[in-house]
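Read through the structure below, which is laid out as structure tokens, and then see the notes.
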Amino acid sequence: MNEKKTRTGAAAPLSGRPDRLDWHGRRLGKKLRPGQKELLEKSLPDIRVTAQNPDPHFLSTMPNTPKQVWLEIGFGGGEHLAVQARAHPDIGFIGCEPFVNGVAKLMGAIHENELKNIRICDDDARPLLDAMVENSIDRSFILYSDPWPKKRHHKRRFIVKENLDRLARVLKDGAELCFASDHMDFVEWTLQHLLDHPSFQWQAQTASDWRNPPKDWVPTRYEEKALARGERPAYLLFTRLPRDT
Ligand SMILES: C[S@@+](CC[C@H](N)C(=O)[O-])C[C@H]1O[C@@H](n2cnc3c(N)ncnc32)[C@H](O)[C@@H]1O
């Protein structure tokens, strides 16, 4: 662990480090159980991808080259990622999440379900995105990303021009970006940023396209919490436009 923790458990911003970007989320929550610690120490290294070693090496555990590669940024406890990976064993998945307890939870699901097609970046997604092969991802998910509701914190939101540039670089032509949130100000912000970005096109034709989840939708933990509160999330799907030839 290479950052200080504050009293609230939030990671101290990593500003001033030439090799790291500012990141303001939590790294650690409740104490990990011994079984979780063991999975992190013994099994995570076999499926870890990092900015220094971004190649997912899917063939080390999958029988064939994955048909496609899907990426989830900020997977939380990995509930969505694990369900998708079970449903699509021929697709390779890369999940990014710096919150150690969330990574431990996903490691538990990988172990229990013997999932062979997941790779984990237990760190900020941004340096990984910069290190990944261009034009290599078929589908991406950013689900219930931290909305940072205070105006002075808006610049911490993951949806900013620099991160959309990063994503646009790694997404294949025609790849899909799936975004969902129950925070309407953040939804509007996201829509505006994506509409302003030259590499993305919004897929919606009618209001029901963003008001209702798409057919194969797998709800995340945050989505279930939002629905239980009676809130109505928005589902924004974008296509990565073809690069100029
Ligand atoms: C509000 S939670 C939602 C978790 C999950 N997607 C869900 O819907 O249940 C947002 C997650 O994004 C992660 N996150 C924030 N910034 C990130 C970044 N730069 N790279 C990777 N994950 C990030 C946080 O650690 C947090 O777990």
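Every condition in (1) farther than 30 Å from Val160 by Cα; (2) touching a helix residue (DSSP H, G or I) at 6+ places or on another chain (Cβ under 7 Å) holds for Ile73 except the one numbered (1).
Would you confirm, using the coordinates I've provided, whether Val218 is aliphatic (A, V, I, L, M) and more than 21 Å from His24 (Cα to Cα)? For Val218, the condition - aliphatic (A, V, I, L, M) and more than 21 Å from His24 (Cα to Cα) - is met.
Just give me the residues in segment 144-189 being open to solvent by 10 Å² or more (accessible area, probe 1.4 Å) and in a strand (DSSP E or B), in sequence order. Hits for segment 144-189 are Lys172, Asp173, Gly174, Glu176.
How about segment 192-215: which of its residues are over 20 Å from Arg232 (Cα atoms), assigned to a helix (DSSP H, G or I) and not hydrophobic (A, V, I, L, M, F, W, C)? Write out each step before concluding.
Here is the first cut: in segment 192-215, the residues over 20 Å from Arg232 (Cα atoms) are 193-201.
Checking the rest, the ones that are also assigned to a helix (DSSP H, G or I) come to 193-196.
His193, Asp196, listed by residue number.
For (1) within 16 Å of the ligand (Cβ to nearest atom); (2) exposed (fewer than 12 other Cβ atoms within 10 Å of the Cβ); (3) of a type outside the set (Gly, Ala, Ser); (4) under 19 Å from the mean Cα position of the chain (by Cα), each residue gets a yes or a no:
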residue: Glu38; (1), (2), (3), (4): no, no, yes, no
residue: Arg48; (1), (2), (3), (4): yes, no, yes, yes
residue: Leu59; (1), (2), (3), (4): no, yes, yes, no
residue: Glu72; (1), (2), (3), (4): yes, no, yes, yes
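Thr245 meets all of the listed conditions (1) among the hydroxyl-bearing types (Ser, Thr, Tyr); (2) farther than 23 Å from Ile120 by Cβ; (3) more than 16 Å from the ligand (Cβ to nearest atom); (4) modelled with pLDDT of 95 or more but one, namely (4).
Looking at segment 46-56, can you tell me whether even one residue there is basic (Lys, Arg) and without any contact (Cβ under 8 Å) to a residue 60 or more places away in the chain? No, every residue in segment 46-56 fails to be basic (Lys, Arg) and without any contact (Cβ under 8 Å) to a residue 60 or more places away in the chain. Taking segment 218-233 as the range and being loosely packed, with under 14 Cβ neighbours inside 10 Å and either basic (Lys, Arg) or not in a helix (DSSP H, G or I) (or both) as the test, the residues that pass are Lys225, Arg229, Gly230, Glu231, Arg232. If you go through segment 76-124 and keep only what is among the hydrophobic types (A, V, I, L, M, F, W, C), within 11 Å of the ligand (Cβ to nearest atom), open to solvent by 10 Å² or more (accessible area, probe 1.4 Å) and touching a helix residue (DSSP H, G or I) at 6+ places or on another chain (Cβ under 8 Å), you end up with just Val100. Within segment 202-242, the set of residues being within 16 Å of the ligand (Cβ to nearest atom) and more than 20 Å from the chain's Cα centre (by Cα) comprises Leu227, Ala228, Arg229, Glu231, Arg232.
The values are calculated or read from the model by the stated rules, or taken from the named source; none is laboratory data. All figures in this text were calculated on a predicted structure; none of them were measured in a lab. Using ideal geometry, Cβ is built from the backbone for each residue, glycine included, and neighbour counts are taken over all protein chains shown. Calculation scope for accessible area: heavy atoms of the full protein, side chains included, ligands and nucleic acids excluded. Shrake-Rupley method; radii C 1.70, N 1.55, O 1.52, S 1.80 Å.
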